[in-house]
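Reviewing the structure listed below.
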Amino acid sequence: MHQSLATVSLVVRNYDEAIAYYTGALGFRLVEDSPRGPGKRWVLVAPPGIGPDGCRLLLAQAKNEAELAAVGHQTGGRVFLFLNTDDFYRDYHAFRARGVEFLETPREEDYGTVAVFRDLYGNKWDLLQLK
């Protein structure tokens, strides 16, 4: 048996604002942006190097006040997503140059090099290079 996590839904304020951030500041690629009825779109982004079977983010525009209130708080303030890299300092410096807010300086752990950053909406991410 083979299973894999294909897509993670991320509630955002606005499709275009989210696309601009994830493709601009984080360098993700826009995989798909398709209309899905009035006011709805299927918007997938993925980090560079992710193949067709890799996990993608579905940018889901909030459609009511309850969803809007959840933007940036989907995990109650804990680190939500883990972005693995093959060159931590390359990505760390590139992200900082593009305005990504890091909440700490990089640190060396038993498992690798890591630093927490916050995305446009306040979601916490780990940028991580495993040993």
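The values are calculated or read from the model by the stated rules, or taken from the named source; none is laboratory data. Please read all numbers here as calculations on a predicted model, not as lab measurements. Neighbour counts are summed over all protein chains in view; Cβ atoms, including those assigned to glycine, are modelled from backbone coordinates with ideal geometry.
Structure data summary
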{"read-out": "Subset of region 31-84 that is polar (S, T, N, Q) and either surrounded by 13 or more Cβ atoms within 10 Å (Cβ to Cβ) or at pLDDT 95 or above (or both) - its residue that is farthest from the chain's Cα centre (by Cα)", "value": "N64"}
{"read-out": "Count of region 66-121 residues which are among the aliphatic types (A, V, I, L, M) and free of Cβ contacts under 8 Å to residues at least 60 places away in the same chain", "value": "11"}
{"read-out": "Of all residues in region 97-108 being under 14 Å from Y22 (Cα atoms) and not β-branched (V, I, T), the one that is surrounded by the fewest Cβ atoms within 10 Å (Cβ to Cβ)", "value": "G99"}
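Per-residue answers, yes or no, for (1) outside the structural domain of I50 (by TED's automatic domain parsing); (2) farther than 21 Å from V8 by Cα; (3) under 17 Å from the mean Cα position of the chain (by Cα):
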{"residue": "F88", "(1), (2), (3)": "yes, yes, yes"}
{"residue": "R98", "(1), (2), (3)": "yes, yes, yes"}
{"residue": "E104", "(1), (2), (3)": "yes, yes, no"}
{"residue": "A115", "(1), (2), (3)": "yes, yes, yes"}
{"residue": "N123", "(1), (2), (3)": "yes, no, yes"}
